[in-house]
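The values are calculated or read from the model by the stated rules, or taken from the named source; none is laboratory data. In this text, all values refer to a predicted model and were calculated from it rather than measured experimentally. Backbone-built Cβ (ideal geometry, glycine too); neighbour counts: all protein chains shown.
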C-alpha cells in the first residue's frame, strides 16, 4: 500500500504544501511593519497572528509529508546531507515561529506588534528562506520526488505509416 503522506505517483504532497508557509510567514512580518505605520495597527497585529497560526498548521502537514519523503533518501549520500540541512533549517525556523505565536497570543489587544516577536519573525523568515533553497536543490539538483521520463532508444524507427525521408526532405528548395 502506498504511503498517503507521499502523495500519488508524480504528485508529491510536500512541494505543494510548502508554498503556503513560505508565503505566509513573510506576509505576517509585513503586517508587523504596517502596524507601526497606521494609527490603529491592531487589525494588522491580529492579522499577523492569524497568518502565523495558518502557516504553522500547514507547516505541520509539510513536516509530516517531508519526513515521509526523507525516509526514502539513502542515508549518508550527498542527497541525504542536503535533506538533513533542509529539514534542520525548516524545523528550527518553524520552532521560532511557534515561540513567536505563543508570545503574541498573550496580548493581541496592542496597537503595534511587540519587538521580540518581530525579531523572531525576521530570523525565522531568513531560516525558512535558506532552508527552502536547500529544498529546491533537492528537487532540481538531486531529482528527489521527480519522475524522470524514460530515455528514447538510440535508433529511432520511422512510424510504419510515415514515408521514408527523401533527398528533398534533407535539402528543401528555397524559393
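May I ask you to verify whether residue 53 is at pLDDT 90 or above and out of contact with any helix residue (DSSP H, G or I) (no Cβ under 6 Å at 6 or more places or on another chain)? The answer is yes for residue 53. When the range 69-79 is filtered for residues that are surrounded by 14 or more Cβ atoms within 10 Å (Cβ to Cβ) and part of a helix (DSSP H, G or I), the ones remaining, listed by number, are 69, 70, 79. Does residue 143 meet the test of being modelled with pLDDT under 95 and touching a helix residue (DSSP H, G or I) at 6+ places or on another chain (Cβ under 6 Å)? For residue 143, the condition - modelled with pLDDT under 95 and touching a helix residue (DSSP H, G or I) at 6+ places or on another chain (Cβ under 6 Å) - is not met. Exactly one residue out of 66, 93 is closer than 18 Å to residue 26 by Cα, in contact (Cβ under 8 Å) with a residue 24 or more places away in the chain and crowded, with 17+ Cβ neighbours inside 10 Å, and it is 93. Within the range 75-94, can one find any residue that is under 19 Å from the mean Cα position of the chain (by Cα) and farther than 17 Å from residue 132 by Cα? No, there is no match, as no residue in the range 75-94 is under 19 Å from the mean Cα position of the chain (by Cα) and farther than 17 Å from residue 132 by Cα.
When you scan the range 4-22, do you find a residue that is assigned to a helix (DSSP H, G or I), under 27 Å from residue 89 (Cα atoms), at pLDDT below 80 and more than 18 Å from the chain's Cα centre (by Cα), even just one? Within the range 4-22, one or more residues are assigned to a helix (DSSP H, G or I), under 27 Å from residue 89 (Cα atoms), at pLDDT below 80 and more than 18 Å from the chain's Cα centre (by Cα).
Filtering the range 59-81 for residues that are touching a helix residue (DSSP H, G or I) at 6+ places or on another chain (Cβ under 9 Å) and under 30 Å from residue 111 (Cα atoms) leaves a non-empty set.
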